[in-house]
Amino acid sequence: MRRGEREAAVRAVMERAVAPVPPGLCADAVLRGDRLLRRRRLARRALWLLACAAVLAFTVWAAEDRPWAESSSRTSPPVTGR
């Protein structure tokens with residue numbers, strides 16, 4: 001297809017009558033958008049709550065278990081020097 005033919009085809013498409021838009025389309029789109037935003041906001045808040053709970057659980061575990069400290073020996077040391 002040559003450039004002139006393409007331009008003519010585009011002009012023919014552009015000159016067609018515009019299809020009518022249903023009257024409630026805008027209102028439906030707004031409602032759907034609001035619903036999607038509410039769901040995203042709820043999911044984001046749930047993930048933040050889960051992240052905070054995980055940090056709190058890790059902090060409590062670390063305070064109780066103290067993984068950075070050397071663990072105490074659970075057996076008696078070997079007898080040496082006799």
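Which residues, taken from segment 31-63, are among the aliphatic types (A, V, I, L, M) and open to solvent by less than 80 Å² (accessible area, probe 1.4 Å)?
Here is the first cut: in segment 31-63, the ones among the aliphatic types (A, V, I, L, M) are 31, 36-37, 42-43, 46-47, 49-51, 53-57, 60, 62-63.
Of everything in segment 31-63, those that are among the aliphatic types (A, V, I, L, M) and open to solvent by less than 80 Å² (accessible area, probe 1.4 Å) turn out to be L36, A43, A46, A51, A53, A54, A57, A62, A63.
Determine if segment 64-79 includes at least one residue that is assigned to a helix (DSSP H, G or I) and exposed (fewer than 10 other Cβ atoms within 10 Å of the Cβ). Quick ask: steps written out before the conclusion?
In the first step, residues of segment 64-79 are kept if they are assigned to a helix (DSSP H, G or I); the result is 64-65.
So of that shortlist, the ones also exposed (fewer than 10 other Cβ atoms within 10 Å of the Cβ) come out as 64.
So far as segment 64-79 goes, yes, one or more of its residues are assigned to a helix (DSSP H, G or I) and exposed (fewer than 10 other Cβ atoms within 10 Å of the Cβ).
Mind checking whether some residue in segment 15-23 is assigned to a helix (DSSP H, G or I) and surrounded by 10 or more Cβ atoms within 10 Å (Cβ to Cβ)? Before the answer, list the steps.
We begin by selecting, within segment 15-23, every residue assigned to a helix (DSSP H, G or I); these are 15.
So of that shortlist, the ones also surrounded by 10 or more Cβ atoms within 10 Å (Cβ to Cβ) come out as none.
Looking for residues that are assigned to a helix (DSSP H, G or I) and surrounded by 10 or more Cβ atoms within 10 Å (Cβ to Cβ), one finds none in segment 15-23, hence no.
The values are calculated or read from the model by the stated rules, or taken from the named source; none is laboratory data. Since we're looking at a predicted model, the values are computed, not measured. Counting neighbours? That spans all protein chains shown, and the Cβs are built from the backbone with ideal geometry, glycine included. What goes into the accessible areas is simple: the full protein's heavy atoms, side chains included, and nothing from ligands, DNA or RNA. Shrake-Rupley method; radii C 1.70, N 1.55, O 1.52, S 1.80 Å.
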